[in-house]
Amino acid sequence: MDKLKQLVVSVAVFLGLFVSGQALASKLADQSGSDEPLGSRSIMSPAKIDARTQPAAKVCLQGEDCASAQPAVAAGSEEAKSPEEIYNTTCAACHGTGVAGAPKVGDKAGWTSRIAQGNETMYTHAIKGLNAMPPMGTCATCSEDDIKAVVDYMVSESK
Ligand code: HEC
C-alpha cells in the first residue's frame with residue numbers, strides 16, 4: 001500500500017467513525033427519557049409513535065369525558081353592537097361616500113341643515129325613511145333605539 005492510499009483509507013475510516021459516532025449520539029439523545037433499551041433497532045417506542053401521530057383534533061361526543069373540558073358557551077352571549085359598529089356595517093355604505101345624496105359623515109356642511117331640524121326629525125327620518133334613505137337604514141337587527149344612537153353617533157362625528 002502506498003502512502004497516498006493509506007492516507008485516503010485512514011481518512012475514510014476516520015470519517016466513518018465520526019459519522020456513526022454522531023448518529024449514535026443523536027440516537028442516544030433521542031432516547032433519553034424513554035424506557036427503551038439502548039441498541040434496540042427502533043428509535044421510538046409504539047407509545048411514542050402513537051403520541052406523535054395523533055390527529056390534530058378529536059371529535060368529542062356529548063356525554064363523553066372529554067366534553068366536560070369544553071368551555072361552556074354562555075347563553076345569549078351575542079353582544080349588542082355599538083352605534084359605531086352599526087354605522088360601519090350598515091350606514092357607512094351610503095353615509096361614508098355620499099351615495100344618492102346621503103349626507104356624508106364628517107362633512108360638517110352637509111349636516112348643518114339636518115341638525116337644525118332637531119334630533120327628533122332626524123330620528124324619525126332614519127327610522128321611517130326619507131326619499132333614498134331606507135327605513136332603519138336597512139339594519140334588520142336594529143331596534144329604534146339603536147338607530148337613534150347611531151344617528152347621535154353620526155351627528156357627533158359630523159359637527
Ligand atoms: C342606501 C343608502 C343609505 C343607507 C344604507 C343609510 N342611509 Fe341614511 N340617508 C340616505 C340618503 C340618500 C339620505 C338623504 C335623504 C334625503 O334628504 O333626501 C339619508 C339621510 C339620513 C339622515 C338625515 C335625515 C334628515 O332628517 O335629514 C340620517 C339621520 C340618516 N340618514 C341616518 C342613517 C342611519 C342611522 C343609517 C344606518 C342605520 C343610514 N342612514 C343608512 C341613504 C342611506
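Once the Cα-Cα distance is subtracted from the 0.36 nm per residue extended length, the Ser113 to Ser45 segment shows a gain of 16.5 nm. Counting only lysines at least 8 places from Lys159 when in the same chain, those with an alpha carbon closer than 17 Å to its own are Lys104, Lys108, Lys148. For region 83-156, the gyration tensor built on C-alpha atoms gives a rounded shape. Its axis ratio a/c (a ≥ b ≥ c) stays under 1.5.
A straight chain from Asp2 to Thr141 at 0.36 nm per residue would run longer than the Cα-Cα distance by 40.7 nm.
Just so you know, all these numbers are worked out from the coordinates, no wet-lab data involved. Just so it is clear, the model here is predicted, and its values are computed rather than measured.
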